[in-house]
Amino acid sequence: MLKTWKRFIVICIALFICAPTAHATIVPYDSYSYDYWENVVFTPAPYVPGDSISGVALGIGPFSSPQGLAVGPDGLVYIADTGNHRIVVLRNDLTGVVRVIDSFQNGDREDRFHSPNGVAVSNSNQLYVADTENMRIVVLEAGEPVELVKIISDPQSEMLDAGFVFKPLKLAVDYADRVYAIARGMFQGIMVFVPEGDFTGFFGTIAVQITPWEILWRAISTREERSRQQLFIPTEFTGIDVDPDGFIYASNIDPQATQAVRRLNPKGEDVIRTGENENLGGDLWNIYSDSPYSGPSYIIDVTYQGKGIYSLLDSRRGRIFTYDHEGNLLYVFGGLGAQAGAFRQPVAIAALDDRLIALDANRNELITFQPTRYGALINEAIGLRYDGDEALAVEKWQEVLLLNENLEIANVGIGKAYLTSGDNVNAMKYLALGKNRTYYSIAFKRHRNELLRSNMPYALTGVTLLAGAWFAVSKIQKRGKTNTEGGLMGD
C-alpha cells in the first residue's frame, strides 16, 4: 500500500512540475531508473506523450501496419507504410503530408513497392527503401519529382548460402553512402553494400558463447538429442541507426538481458561503453515475474539522439530506455495500454529535434514524445559534458537534483565535473552519493597523492628531527654508560 502511494505521489509531482504543455496532462506510464543495487527508483517523467498522428487525420487514409521510420537531414519524416505498400513523407512539424510515394518510373515502366519495411535517408537527401517482398533496396531522389537512382538486389558472394533470398528489413546509410541492411533470416550479421550497390560482406556479427557444459553435452548426446537442442547461431539484429561520425548503432535480441545494443566502428568492432553496472539490456524489472509481460526486454529498434545519447525501444513492455555515451542509464519511460500515449505494438523509433517519435503497428499511428523540464535538463547536462563544458553541466545537474534528489547519475555528473577541475574532495563527496566506485577510487587516489605532496616537507622535517633526537639520545645514553663503567672500575 505504501509503495502504491509513493508511486502516486511521484506521478503527481512529475505532472505538476514537468509537464511542458497544457494538453499533456495525463501520463499513462511510470517513469523510473535503477539505482546502484539495481532497485527500481521512480522518477518524474522525462518525456510526456504529445500527439498521436494517424493517416486518417493526415487525409491519406489509415496506415496499415507501418514498420519503418526515418528523419531526413532537412527534418522531413519518412514512414514505411508497409501494408499500404507506400512511403509517406511528413513535414518536420508533423502537421501535414509532403508527398506519398507509392510508385516510381523504372525505365519505361511504372514500378511499385511491395511491403516496404525499412527506410533511411542519406546526407545527400537520397531515399533508401527496404522493399522487402520485392527482395531489393530501392534508392530514389527524395525531392520532387521522385527519380530512381539505383536498385540493389540479388547480392552475389561466396559468403552467402546457396539459395539465399534477400529480403531487407531495416536500413542505415553512412556519410560515405555505404548501405547497412538487416535482412530477414540473416544471422551472420549486418549486410554491407558499397555506394555502387555491390555486397562486400557482413558487419558486426555477434557470436553466441557456448559454455563448457554445453560443449560436453553435445559431445556425448545422441543425434536425436542434439536435434532437439538449441541451435548455436549468431544473434539476430533488429534495428539500426548511424551517427554523424559513421558509427553504427545496432539493436539485437539478447536473452540474457545484458547487452541489446552495439556501437560498431568502421571495422565492425563493438566499441560501446557500459556504465557502472555494465548493463545495456533494457529492463531489469519483471524479468523473472509471473506477469504476462515478464522476460527480458525485446529491443526492437535504436535511435541516436546526438551528443552521445541513444534510445532503445522495447516492444515487450513498450518502454524507451535512454543511455549516455558512457553507457549510463539516464531514464526509462513508456508502456503498453489502451490510453492515448501508450503503445500496443511499438516497432520503430527516431529522434526529431528534441522530441522522440515512435511507430505503433497496431494503433497504426505515429506517437510523439516531448521532453519535460526534467528530461531536457538531463539531456542538456549530458550534452555539455560530452562537449567538455563541465562548469555549465554542473549547473544543469544541480537543477536536476532539485527535481529528483535521488538521481545517482546527477551526483555522478557533478562528481566527474569536480574531478576534472581538480576539486577531489567535492568529487569524492558527490561520487559517493552517486555510488560510482570507479571514479570515486580515482578521486580518492588523487586526493591521497595531494595530501602526500602537500605534507611531504613537514613529514621529511619531522623524520629528520626524530632521527636527530634519536641520535642525540643514543649518544647521551652511550656517554652516560661509559662514565658509569669508568667510575666502577676506579672504585
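The values are calculated or read from the model by the stated rules, or taken from the named source; none is laboratory data. None of these values were measured; they are calculated from a predicted model. In this analysis, Cβ positions are derived from the backbone assuming ideal geometry, glycine residues included, and neighbour counts consider all displayed protein chains. Side chains are part of the model used for accessible areas, which takes the heavy atoms of the whole protein and leaves out ligands, DNA and RNA. Shrake-Rupley method; radii C 1.70, N 1.55, O 1.52, S 1.80 Å.
Key figures for this structure:
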{"item": "Amide H partners (placed H, <5 Å) of Leu280, local residues excluded", "result": "Gln259, Ala260"}
{"item": "Cβ crowding within 10 Å averaged over residues, with 380-393, 406-419, 60-73, 304-317 ranked highest first", "result": "406-419, 304-317, 60-73, 380-393"}
{"item": "Order by protection proxy (mean Cβ within 10 Å, highest first), peptides 446-452, 106-112", "result": "446-452, 106-112"}
{"item": "Karplus 3J(HN,Hα) series, Hz, for the stretch 137-149 with 6.51 cos²θ - 1.76 cosθ + 1.60 (x for Gly, Pro)", "result": "10, 9, 10, 10, 6, 6, x, 10, x, 6, 10, 6, 9"}
{"item": "Probe 1.4 Å, protein heavy atoms only - accessible area per residue of the stretch 84-202 in square angstrom", "result": "44"}
{"item": "For Gln305, distant residues with modelled amide H under 5 Å away", "result": "Tyr310, Ser311"}
{"item": "Karplus-derived HN-Hα couplings along the stretch 416-423 (A = 6.51, B = -1.76, C = 1.60, θ = phi - 60°), whole Hz, x at Gly and Pro", "result": "5, 5, 5, 5, 5, 7, x, 8"}
{"item": "For the stretch 270-376, alpha-carbon Rg over 2.2 N^0.38 Å", "result": "1.05"}
{"item": "Long-range HN-HN contacts of Tyr47 with modeled amide H, under 5 Å", "result": "Thr372"}
{"item": "Cα pair distances in the stretch 246-320, grouped into 10 Å bins until the bin that holds the longest one, percent each", "result": "19, 50, 25, 5, 0"}
{"item": "Listed residues Trp470, Trp285 arranged by accessible area, highest first, probe 1.4 Å", "result": "Trp470, Trp285"}
{"item": "Neighbourhood net charge (11 Å Cβ-Cβ; Lys/Arg +1, Asp/Glu -1) for Lys435", "result": "-2"}
{"item": "Radius 13 Å from Cβ of Leu419, net charge of other residues (Lys, Arg +1; Asp, Glu -1)", "result": "+2"}
{"item": "Net charge of Cβ neighbours under 12 Å - reference Leu401; Lys, Arg +1; Asp, Glu -1", "result": "-3"}
{"item": "The stretch 271-427, accessible area per residue, ligands and nucleic acids excluded (1.4 Å, Å²)", "result": "35"}
{"item": "Separation in nanometres of the label points that stand 7 Å from Cα toward Cβ, at Asp270 and Arg437", "result": "2.2"}
